[in-house]
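Worksheet for the structure shown next.
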Number of protein chains: 2
Amino acid sequence: MDARTIQIISILIALIAFAYAAWLFAWVKRQPSDNAKIAKIGLLIRQGARTFLRKEYAVLARFAGVAAVLIFVFLPSPIWKGSVTPNILMAIAYIAGTVFSAIAGKIGIEVATIANIKSAEAAKNGIKPSFMAGFRGGAVMGMGVVGASLLGVSLVYLLTNDATTLLGFSFGASSLALFAKAGGGIFTKTADISADITGKVELGIPEDDPRNPAVIADNVGDNVGDVAGMGADLFDSNVASMAAALIIGGALDLGLGGTTHVAMVFCYAALGLLASIVGILTARIGKNGNPTRALNSSTYVTTAIYLVFTAIATAVFHFSWRIWGACIVGLLVGVVIGIATDYFTDDSKKPVHFVAHASKSGPAFTILSGISYGFLSVLPAMVGIAVSALVAYKLCEPINAAFAMEYALFGISMAAVGMLSIVGMIVSNDAYGPIVDNARGLAEMGNLGEEVLEITDALDSAGNTVKAVTKGFAIAAAGLTVIALLGAFMSEVNTAAAELGIAGITGFDIMNPLVFFGMLIGAAIPAVFSAMLMLGVDRNAQRMVAEIHRQFKEILGLREGTAEPEYDKCIDIATTGALKELVPAGLMAIISTLLVGFIGGVMAIGGFLAGNIVSGLLLALFMSNAGGLWDNGKKYVESGHEGGKGSEAHKAAVVGDTVGDPFKDTAGPSINTQITVVSLIASLLSTLFLTVSLFH
Amino acid sequence: MDARTIQIISILIALIAFAYAAWLFAWVKRQPSDNAKIAKIGLLIRQGARTFLRKEYAVLARFAGVAAVLIFVFLPSPIWKGSVTPNILMAIAYIAGTVFSAIAGKIGIEVATIANIKSAEAAKNGIKPSFMAGFRGGAVMGMGVVGASLLGVSLVYLLTNDATTLLGFSFGASSLALFAKAGGGIFTKTADISADITGKVELGIPEDDPRNPAVIADNVGDNVGDVAGMGADLFDSNVASMAAALIIGGALDLGLGGTTHVAMVFCYAALGLLASIVGILTARIGKNGNPTRALNSSTYVTTAIYLVFTAIATAVFHFSWRIWGACIVGLLVGVVIGIATDYFTDDSKKPVHFVAHASKSGPAFTILSGISYGFLSVLPAMVGIAVSALVAYKLCEPINAAFAMEYALFGISMAAVGMLSIVGMIVSNDAYGPIVDNARGLAEMGNLGEEVLEITDALDSAGNTVKAVTKGFAIAAAGLTVIALLGAFMSEVNTAAAELGIAGITGFDIMNPLVFFGMLIGAAIPAVFSAMLMLGVDRNAQRMVAEIHRQFKEILGLREGTAEPEYDKCIDIATTGALKELVPAGLMAIISTLLVGFIGGVMAIGGFLAGNIVSGLLLALFMSNAGGLWDNGKKYVESGHEGGKGSEAHKAAVVGDTVGDPFKDTAGPSINTQITVVSLIASLLSTLFLTVSLFH
């Protein structure tokens, strides 16, 4: 089948996903809700989330405007050096990348802030309707993210027929992801920590108590961090993996003639979306069913369907079975990494029990044991990524001796596409989490009673378990994607070198001091980036705690519940502070890439990317898993183990959870985006780094 | 000058160092002491330290015996494949490496456990004599370590004239360092944490209270961890840096004829020892002087003298000024990294103040801010190592166009030699720390009064500040050394390939999937290694706490101070547990090297070493600096800031300090040794990995 046809089919499948999302959205909206208090608080949450998005998008628009102008002037090559058309296309593609991702985020926030109300109220009728409201709300986001990314990539490629322009689209998606993930991460943890410190610790009022001025901001945070943020992150990874595969596949098509490899990328990606639609359609929960099992089984169903779909397509279109193998290896390793992550954070497994038990000796032991298991948890994922990259490479290398390296790299990029094929399902499961978390809060604030709370607690707990798995999956997928992007970078450098008539490169030799120089610095960046984000959360939380103290001092009757707090002030602080704290960290990563590139040229950048990937994966896995472990350790103690609520072990476990919050929701998952942004900048500026640098 | 002559001169200088050490030892012994209680406790500490060393060396002897047999059978090439003589030499060199390092450690422990008593009693006469007793005690260790390493390397090289045999010696030193550093680290933190939990927290008795059964073990721990452990670590780095330089320099001499480069390595190393002797001789403190300034100024004096000495030698012997430049760049960057490390741990600087202030909000914020600053602290050191490696390479590359790569790698290895040139001074300063720390404890247990305690406190605090700097220095030096070892590994592979008549390698290309495969796994190892050590401390501390509880229950009158605790039981638990917990972590690192090598061959090992270096440096710097920061943060609060002793901030700061203890004294500094061990194994097994592997 030819590539054009399949791009058009991809667009149609993306439109089907949108139609399905619209149907799901309408279904969620149709669900009954009548509690006035819940409606009122739900509205506050929705308005808060909208305020955050509006401000975030306003800051982003300025940033993207400047970036678009720079892209227009310099990329793919400076305008004074050739035709202006590619530059216009690149700038437009960049803006389209931000807009498509922003739209998906907006849809997700809109549905999540309705589904939370519906899920809370549906819990009055049992776990089944409550689960379905949460799950279908999440599925809207899943369909939106994958539909928008497939639509965007297909459109850009169909219109320009040029993979380099796609890098612009991908960079746009990354820019948005940086704001959404890191900014949302700072927002959500600012609110969460401030609400906990002032509420639970200082005032002794329960979580989600409406007297707490930070409580709405806290619920808003779940949405902007986990729905919009995680959605943008996976949108970013999905687009980047396709862009990398299309760059390498496009180069192969150019060399061999035909359009088979480009067609293959679109075909496999589109089938992933189809498989996710089927997986979501089949998601069911029994009357007294287990929500975790329901979420996981729909993931497995999607995986199995994808396997069958792609095997059929490979047979029908005579694609290479080796490349199919690489794709499937990526997918299976992704699932295995998810399961391994689950081991380190599941409350029925040893690590959680160990941390809970260690908490009896005090908070220092909660921290030490959590950090230790967090460190251990990186091994399966790192080995998994290493093995899948190696197997994919070795599977595809022998396809054509004259293009061994190209095929090998294409294999790795297809493994990334395979791992990300079920991303629609992953985003659905992930967005389910904050919806039912919010539903729990709404049920408490709306006084729906103990029975309802039990149901929402069960749904929330399933959300937390699944979240750990999806985070591990997201990091692993980003890891494989950036390895593919490293290949794309080399491909771009060689294209540029050919155009300039200079010698290309065959790789990045560690014994080349420029490569090693870049590697050491690249490895330090994720640590510095995380530190800056965490210190940002700290500073921002201090500002919010001060505001809460002010409200309790100045608003009479607040403590007694006769007056209302000024929720919007807290939302304002979280929003403004998050955007303020995020910018220096983002700039640091971008500027150090430029510095290394202009000092050490493409060789140093190759090392820089490799060091960045390796240490970024390490820290992202460590922080996400340790954070999830502490969170579930606390919940495990609260459910009556090691002394239960109020015991010394509980106090210690709360310390662990507080440390883990910015680990798992701010710094850890933002590192993904940092790596992708840096990798794309490297590819975009490859010509500049090739020609203008202190050393060569 | 020819290399033989200079090797003999090196041996003479090493003997001078021993003579000087003997004189210092005699001086320390001559100092007056008459307090019976201090003598008694001092004896207990000495016996405890001796017990640990004896057991450690016994386990090590078994390990080394097995390793020596394996080396004899397989290295440098299997005995059935050639002459048996090199194998015998290699096995002997290996054993010599363990023995030389063990002797230096033994000397250090002997003097430290006398100097602590002398320093405590001398404090009755003021800060000056007390400082001198501590400093000169430390200097014995400094001279012992550098003298033994220079003597060993010179002897092995003089007798075999073969750098590969030196790898055996170096591997012996590394084996011992692994036991001494990781084992000592587990010992010291087991005792420290158990003493704190049971003493300060549960019983409310002061630190160093003789009723606490763990108190002697705690004091023993300072000696075995910081004196013997750190000494073995720097012995290891020093030998490894010389071995790497001699391998690369020897290959250059072989190519160019002559022995200039080998001579240069010995000349610069011997001058470093001479400079340290002069530096120690000039160390002085005024009557009311500042001990920190005295320690730092002697470091700067040594650096300046070394600069002058080597410049003269370079002019006289017509060495290359470019190589001299590389050596000096290494030295200066080492000093700069030390100063940067100081910033993050000094109690007059922002990070300590920030962590202390954050502690007011509770322990979670102590941890979060400490981790954040710990992450930030890796940047200057990583950039420093990157820059010094790049500058050394670029300085030396142009010396000879036909041997550009060899000269460039020689430049890096000489930067490492330069950085380690003042190691005699560094070890002296480092061993000073536990001596005066012990002296403080002895002064308290011997009831020498407030005035004496004030003096010993001041000396102890100087020791802590200097310790942070020397740890940063040790990690940076190890970093540069292992980069040089990576070059040595390539050199060894090519020598082996030439002997086998197969194609050699020109480097390790990151785009080669085997290299990337190795890199990802290599990067995970330091995290897993640290986790295993920290969990080992945790398990061991639980055993010791149970023993302390037993003693307080079963020994009547212990709480009232009328009966004596069974100190030796605690020392026994710490010793046995440390050796038991260390072995799995060490084996994990060794076995994963073998697995990666036999799966992916030399390419995968190249990547493995690079990933291991990058992530190892990152984690070692992070853990050491965060640990030092928390330690000083606690001291800063205790000195009356943010609420002072007993405040909420203090409790939170204690949590930080407890987390930091295994960070900075067990896991962080042991990572150095892990990297070196793995690098040496890779070089030793290069022929095997080249011929027997699943992939090539």
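The values are calculated or read from the model by the stated rules, or taken from the named source; none is laboratory data. Just so we're clear, the structure is a prediction, and the values are computed from it rather than from any experiment. No Cβ is skipped: glycine too gets one built from the backbone with ideal geometry, and neighbour counts run over all protein chains shown. Please note that ligands, DNA and RNA were not included when accessible areas were found on the heavy atoms of the full protein model with its side chains. Shrake-Rupley method; radii C 1.70, N 1.55, O 1.52, S 1.80 Å.
Buried accessible surface for the A/B chain pair comes to about 6300 Å², total over both chains, computed with a 1.4 Å probe. The stretch B:352-378 and the stretch A:263-303 have Cα centres separated by 43 Å. When each of the peptides B:324-335, B:599-610, A:412-423 is scored by the mean number of other C-beta atoms lying within 10 Å of its residues, the order from highest to lowest reads A:412-423, B:599-610, B:324-335.
Kirkwood hydrodynamic radius computed over the stretch A:1-60 comes to 15.1 Å, based on all pairs of distinct alpha carbons.
Evaluated on the stretch B:232-382, the Kirkwood hydrodynamic radius is 18.5 Å, with distances taken between all distinct Cα atoms. Seen from residue A:180, the other residues with C-beta closer than 10 Å to its C-beta sum to a net charge of -2, counting Lys and Arg as +1 and Asp and Glu as -1.
For chain A, the per residue solvent-accessible surface stands at 30 Å², with DNA, RNA and ligands left out and a 1.4 Å probe. Sorting A:303-316, A:243-256, B:3-16 by their mean Cβ neighbour count within 10 Å, with the most densely packed peptide first, gives A:243-256, B:3-16, A:303-316. Taking every residue in A:609-621 and counting other chain Cβ atoms within 10 Å of its Cβ, the average works out to 5. Note on the stretch B:1-76 and the stretch A:602-643: Cα centroid distance 41 Å, given to the nearest whole angstrom. Averaged over the residues of B:374-381, the number of partner chain Cβ atoms lying within 10 Å of the residue Cβ comes to 5. Going by the alpha-carbon gyration tensor, a ≥ b ≥ c the square roots of its eigenvalues, is the stretch B:284-360 rounded (a/c under 1.5) or, if a/c is not under 1.5, prolate (a/b greater than b/c) versus oblate? Oblate. Scaled to the globular estimate 2.2 N^0.38 Å, the Cα spread of chain A, given as radius of gyration, is 0.91.
Of the peptides A:683-689, A:172-178, the ranking by mean beta-carbon count within 10 Å, highest at the top, reads A:172-178, A:683-689. Straight-line reach from residue B:37: which aspartates and glutamates fall under 16 Å, measuring Cα to Cα and dropping same-chain residues less than 8 apart? Straight-distance partners of residue B:37: B:121, B:208, B:209, B:444, B:564. Under 5 Å from the amide H of residue A:509 lie the amide H atoms of B:510, each residue being 5 or more positions distant or on a separate chain, with H modelled from the backbone and absent for Pro and chain starts.
The distance between label points at residue A:288 and residue B:202 comes to 4.5 nm (points 7 Å beyond Cα on the Cα→Cβ vector).
Under 1.5 on a/c is rounded, so check that first for the stretch A:541-685, then, if it is not, pick prolate when a/b is larger than b/c and oblate when it is not; a ≥ b ≥ c are the square roots of the alpha carbon gyration tensor eigenvalues. It comes out oblate by the Cα gyration axes.
Diffusion coefficient (Stokes-Einstein, Kirkwood radius over C-alpha pairs, 25 °C, 0.890 mPa s) for the stretch A:502-544: 187 µm²/s, rounded to a whole number. Across all C-alpha atoms in the protein assembly as shown, the radius of gyration and Dmax reach 31.5, 96 Å. Relative contact order, whole percent, for the stretch B:3-691 stands at 21, derived from Cα pairs under 8 Å and 6 or more residues apart.
Quick one: pull the percentage of alpha-carbon pairs in the stretch A:430-535 with a separation above 16 Å. So the pairs more than 16 Å apart make up 76 percent of the total in the stretch A:430-535. Among the residues of A:528-541, the average count of other protein chain beta-carbon atoms within 10 Å of the residue beta-carbon is 4. Distance between the modelled labels on residue A:124 and residue A:304, one decimal in nanometres: 3.8 nm (7 Å Cα→Cβ projection). Counting only protein heavy atoms and a probe of 1.4 Å, the accessible surface of the stretch B:3-691 is 64% carbon and sulfur. For the pair residue B:568 and residue B:595, the difference between a 0.36 nm per residue extended length and the Cα-Cα distance amounts to 5.6 nm.
Taking a straight line from the alpha carbon of residue B:467, these lysines sit under 22 Å away, with near neighbours fewer than eight places off in the same chain left out: B:106, B:118, B:128, B:181, B:189, B:349, B:350, B:634, B:635, B:664. Mind giving me the FRET efficiency for residue A:350 and residue B:16? R0 is 60 Å, r the Cβ-Cβ distance, nearest 0.05 is fine. Approximately 0.60, to the nearest 0.05. For the stretch B:83-228, the equivalent ellipsoid built from the Cα gyration tensor has semi-axes of 38, 20, 8 Å, listed from largest to smallest.
Computed over the Cα atoms of the stretch A:398-470, pair by distinct pair, the Kirkwood hydrodynamic radius stands at 15.1 angstrom.
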